[in-house]
Structure formats: structure tokens, C-alpha cells
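One structure is given here, and the rest of the page talks about it.
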Amino acid sequence: MLERSGQMKSYLEFEDPVAELDGRIAELRAIGDDDDRGNISAEIERLEKKASQTLVEIYQKLTPWQKTQVARHPMRPHFVDYLKALISDFTPLAGDRNYAEDAAIVGGIGRFKGASVVVIGQEKGNTTETRLKHNFGMARPEGYRKAVRLMSLAERFSLPVLCFVDTAGAYPGIGAEERGQAEAIARSTDASLALGVPNIAVVIGEGGSGGAVAIATANRVMMLEHSIYTVASPEASASILWRDSTRAADAATAMKVTAQDLKRFHVIDQIITEPTGGAHRDAATVIGDVGDAISANLNELSAMSPEEIRRDRRRKFLAMGTLVD
Amino acid sequence: MNWITNRLRPGFRNLLGPKRDTPENLWVKCPETGEMVFHRDLVANLYVIPGSGYHLRMPAEDRLRSLFDEGLFEQIQTPSVPVDPLKFRDERRYVDRLKDARAKTGREDAVLVGVGTLDGLKVTAAVQDFDFLGGSLGMAAGAAVVAGMQSAARHRTPFIMFAASGGARMQEGILSLMQMPKTTVAVQELRELGLPYIVVLTHPTTGGVTASYAMLGDVQIAEPGALIGFAGPRVIEQTIREKLPPGFQRAEYLHEHGMVDLVVPRHNLRSTLSRICHLLVKSEPVRAAAASVPMPEAPEPDTAEPAAADA
């Protein structure tokens, strides 16, 4: 399903031991045609076992900065991958009706497990061309105003709203400021909170700052195991705290950005487990699990009246920062 | 209202810094023109430099006193919040920074909320104190804004927000970010009750504060020259690698781009706020009360207003 899954593996720095083992396995496979085949295949098997064991060990104790790198992994499934796998009859809807279409936020209507929904998500792109098209997932005011438009459509037709969050943050540019980036984000959060239909947000990679909050203010907020959600990207945090953006690793640690931290602070409701070695090593499984989690949460919310849905969401966000361990 | 007289102008002391006993600190220099102004004259002029019209930051208590009839207001208690859940430290521990900020401002956190009357109409108002860790929006500040709005909702009063903030409080991480949706819930409660919510954007207001309650007012006012934006100028310059145009993200620029309703000089602010509140709740101002505001020995608010408010 993922074109990218067949490409060359790309290893993160801390995955070096695994890369080395995989390299030796590949070498052995290459010379495997000669004599002594029995020994080689036994060795391959041993190395494969060791590689997967090493991967498990590394991923059991990822640091916040390592998680950040996994969350940003170039092969990590993006919103468009979730869209393709989970939403049928997807019909993209474009533009904010005021100024422009902003492809950093993709949205539209479609079917999720048979039922009509509105889907909104940030897309970072995965080739130079698509990254530019989607502005690396950094939306301008038009993107948030489109999100508001789609939410009001959902409200009018009583459709649940599914949001996929993956952004380093809203785009900081002259035009974005000129056209009211702050106001656009505030209105999008406002619209999310006002919905009488259920909304569910999943942080699939990076949840960066107000640019993420704008579409992540939902009845249920979930995060993938190795995704991050931050007040400002680790680089921006480091440059604010130490005037030194190279200290991003320190910032990621100090800022408590992991799904596990956020669950502990009662900021999110649920963590969705990733396959060993991260979502990019088995995209189909993780996308399926996300679909199941969304569906389970939608079922829980389906019996509620619009008023109850609003109340549920408000109660949850009014409690933010009071229920800290 | 004893505390007002007891703790006279604590904010003004902050403005002057700790060495306030030395005579040179009785004079304040205009950041724009270098003009020297005697501190008493500055206070009497609402912290606006008389010659240049430059708006200096106004201490939080003085801000509320300048708004309410006779300068009188009752402070609203704000909830206490968990302390330092992140166990945060950068160069210093967050708890130490907090301690310093409290000592410096005499305030528990960055937001002060008061209730009083404005030309006879009961209103609730909150001020963000930029001297307290840059007016940053942490859990305490968020809880205070919410408490103020909920108090306004309970007593059915308009709510006026004097915003000033560098944005989120980094040391509280994601819990700071969550104050954006949290405060937005409270704005919605005011809206549903049909209560006016007026925002006054003062210098500077940026980041998560502008991207939540500070941009959701029924009427948006800005003080002249105030820096207002989502991303800070430094971040934008680093991203686009070019110099920003003059006046970028200033109050007048936002007005030109349709992001604020009015740019109002401080001397006209009280009368403008009164007029808007009274118009929106369909009541008549009771002007007698306004005459005895003790603080501003300032120009009579109403005189030069319409032209100036448009400047």
C-alpha cells in the first residue's frame, strides 16, 4: 500500500547497531550462493534474531529526542497514507473562500468504516515536490480557516470530525501574520470546541504548538507511541531557552514532549502502540490500529447528544493543568 | 480597598528597577526620543511620554485603577495550580524563577483580575502583568483568566481583557499550551450568555495568547505602537531570512490589515471601553462617577477622541 515501504531502509543515528547487523546479513545473503550454504543461513538466522532483539531493546528506552527523530522519520506514515487506507470515497474540499487554498492542511468528506465523516489533517509531504506543495505541513491562516469551514460543514450535516495532527507548527511568515495567523488559529480552536458532533484527534507525528492545538482540541485526543506534542518545537524551545537551537535534544528532554508524559499529565486520552522499531517499519499495522482506536472512541461518543458532546469536551479542556500527578 | 493605598504603585517600582533610591531613577527616559520625564508626571500621564506619546508599559494595578470608577475595584481570587509539574530547569530551576518573579511583582502569577464599575456599569477586567515572566500563559495565568471570565458570567458583567504576553510559559510545556483551549472554553461561556468580551492588546502580545482568548473578543482594541502577532519578529526573520518591513506587527499595521477594530491612545481608552460596553448592553453611562478617578491627572478623556482613535 505504501510506495515508500519498498524503498531502501533509512536508519536513525541511534539505530546504528541494527544497521550494522542488517548490513552483515545483506553481505552474507550476497555470498550465499557459494558452497557452505548451511552455515551461512544459520548465521543469517542468528544475526536476524539479534537484529530484531537489538531493535526491541533500543525502542524500549528511546529518549525524548530519539522519539522526536522517530516522529519525524522520513518514512513515517503521513496523513495521506492514513487517508488512503482508512477513508473511502474521499472527496477533498479546498480553499477558505477568502484568500487561498492551503495544502498544508488537507481535508474533505469521505467514509470511515462505512459511515460519512469529515477528515482534516496536516500533511508534510515526502518528496521535495510534495514537501513544497504542502509547505512541510506548516499551515497558513487559510489552512485553519479551511478547517473551520469543514467543521461547520460537519456540524450542518451531523458528521463526526477526524483530525490527524502532524506539524512542526503554524508557518511563521510575513503573509501569514498579515492575514491573521493568530486569529485563524484561535478561531479554529474555538470551532473545534463548539462542535456538537464528536471529534477525535490523533497525533501521528509531531504536534507542534498552537498550529496543532487548532485542530487537536477534540473529545478524544490520541497519540502514537513515538509521536511528540509540544508547546514549541524542540529547536524553537532551545532557541528561546538557551538562545541556541542546537540544544534541541536538551529541550526535548526538559519540555516533556512524549506521548507517555502527556498521558501522565492527562493532556491526552490514549496512546496507540507502534510496531517495534516505529510506525515506519510496519505502516499497514499502525494505520489499522489507529483506525480501530478511532472507531472504538467514536462508538463511545455516538450515544451522546450534541449538548453532551460539547459539555464533555469543555469539561475536559477546563480541567487542563489541574489534574497533574 | 486598603491594599491599594498600602502597596502604592508597586508596578512603578518595577519600572524603575531595584536601585530606585538614587535620584536619577526619578527620571524615566523615552525609548523613542530620549526625552527625560519626571516619574510623577509620567504616572499622572498614564505612563505615556508627554512629548512623544510613546506608551510605556502600565503596571497592572494602575491599569485597573485607571479603568474603574473612582479607581476602585475588588480583586477576584484566582485558583491555585500545581507547581512545576515538569520539574523544569534550564540555566535555573523554574521554581527559583517563580520565586523571583513573585518577589519582584508582589503577585502570585501574571494575571490580576478585578471587578468594579465603569461609568456605573459593573464590569470585570483582567490584566496580564508583563513584568511577571513576560506575562506568560502558564497554568496559573490560564486559570486566572478563566476564573475572571466565569465570575463575569456568574454576575452577568462584560469582561475586559488587557492582554500583554510573550506567549506560552515554556517552563510548563504542554500544560501551558493547553491553556489555549481552556481559556477559549471560558470565552464561549461569555458569548453564550450574550456578555460583551472586549480585548485591549497592549505591548507586546504574541504567541499562544494571541492565538487564543486575546483574538476572540467581540471588539478588538490595540494601544498605539503595540507589537501584536503570532510568531515573534526574530522567528520570522530567521525563517524567511529577510528584514521585516517597518511597522510590521504593530497596532497600526494590524488595524490596516483588518485584525483590530480600533487603535486607541491610552488617554481615550477608558471612555472608549465605557462607550462600547454601555452600547452593547444597551445602558446609559453614569458620568458622575468618572470625574473622581484619582489617578489620571490627565487630559479629559472625551475631548480629542474620534480623530485620535483613528490614528
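Just so it is clear, none of the values below were taken in a lab; they were calculated from the coordinates. Note that this is a predicted model, so its numbers are computed, not measured. Every residue, glycine among them, receives a Cβ derived from its backbone with ideal geometry; neighbour counts consider all protein chains shown.
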**Asked** Any idea how many residues of region A:154-172 are in a loop (DSSP other than H, G, I, E, B) and touching a strand residue (DSSP E or B) at 6+ places or on another chain (Cβ under 6 Å)?
**Response** 4
**Prompt:** For region A:208-320, which fully contained helices (runs of 4 or more DSSP H) count at least 3 residues that are over 21 Å from the mean Cα position of the chain (by Cα)?
**Reply:** A:234-241, A:283-301, A:306-318
**Request:** Kindly list the number of the only condition in (1) away from chain B (no Cβ under 11 Å); (2) touching a residue at least 40 places away in the same chain (Cβ under 8 Å) that fails for A:Met320.
**Result:** (1)
**Prompt:** Of the residues A:Val197, A:Val203, which is more than 9 Å from chain B (Cβ to nearest Cβ), more than 20 Å from B:Phe230 (Cβ to Cβ), surrounded by fewer than 24 Cβ atoms within 10 Å (Cβ to Cβ) and of a type in the set (A, V, I, L, M)?
**Reply:** A:Val197
**Complete:** Across region A:234-285, the tally of residues that are touching a Phe, Trp or Tyr at 6+ places or on another chain (Cβ under 6 Å) and within 30 Å of A:Arg314 (Cβ to Cβ) stands at 1
**Prompt:** Considering only residues of region B:96-141 that are within 14 Å of chain A (Cβ to nearest Cβ) and part of a helix (DSSP H, G or I), which is nearest to B:Ala214 (Cα to Cα)?
**Reply:** B:Ala141
**Fill in**
Inside region A:206-222, the number of residues satisfying the requirement of being over 15 Å from A:Ser152 (Cα atoms) and either more than 11 Å from chain B (Cβ to nearest Cβ) or touching a Cys at 6+ places or on another chain (Cβ under 6 Å) (or both) is 4
**Message:** Contact list please: Cβ distance under 6 Å, first residue in region B:169-189 and within 7 Å of another protein chain (Cβ to nearest Cβ), second residue of a type in the set (Asp, Glu), pairs at least six apart or on different chains.
**Reply:** B:Thr184/A:Asp190
**Message:** Anything in region A:89-109 that is under 20 Å from the mean Cα position of the chain (by Cα) and either over 19 Å from A:Gly291 (Cα atoms) or of a type outside the set (Phe, Trp, Tyr) (or both)? List them, or say none.
**Reply:** A:Pro92, A:Asp102, A:Ala103, A:Ala104, A:Ile105, A:Val106, A:Gly107, A:Gly108, A:Ile109
**Residues of region B:249-284 satisfying the condition of being crowded, with 16+ Cβ neighbours inside 10 Å and in a loop (DSSP other than H, G, I, E, B)** = B:Gln249, B:Met259, B:Val260, B:Asp261, B:Val264, B:Pro265
**Complete:** Just one listed residue, out of B:Val123, B:Val115, is touching a Gly at 6+ places or on another chain (Cβ under 8 Å) and of a type in the set (Val, Ile, Thr), and it is B:Val123
**Request:** May I ask you to say which residue of A:Ala186, A:Ala176 is facing another protein chain (nearest Cβ under 9 Å), within 13 Å of A:Asp102 (Cβ to Cβ) and not in a loop (DSSP other than H, G, I, E, B)?
**Result:** A:Ala176
**Unmet criterion (only one of (1) part of a loop (DSSP other than H, G, I, E, B); (2) within 24 Å of A:Gly278 (Cα to Cα)) for A:Ala94** = (2)
**Request:** Inspect region A:171-183 for any residue being of a type in the set (S, T, N, Q) and over 27 Å from B:Leu254 (Cα atoms) and give the result as yes or no.
**Result:** no
**Prompt:** Which members of region A:230-240 meet the condition of being within 10 Å of chain B (Cβ to nearest Cβ) and either free of Cβ contacts under 8 Å to residues at least 40 places away in the same chain or under 16 Å from A:Ala293 (Cα atoms) (or both)?
**Reply:** A:Thr230, A:Val231, A:Ser237, A:Ala238, A:Ser239, A:Ile240
**Subset of region B:146-168 that is part of a helix (DSSP H, G or I), under 11 Å from B:Thr124 (Cα atoms) and of a type in the set (A, V, I, L, M, F, W, C) - its residue that is farthest from the other protein chains (Cβ to nearest Cβ)** = B:Ala152
**Prompt:** From the list B:Phe88, B:Phe68, B:Phe73, B:Phe130, which residue is over 25 Å from B:Ala222 (Cβ atoms) and aromatic (Phe, Trp, Tyr)?
**Reply:** B:Phe88
**Item:** Yes/no for A:Gln260 being away from chain B (no Cβ under 14 Å) and surrounded by fewer than 18 Cβ atoms within 10 Å (Cβ to Cβ)
**Value:** no
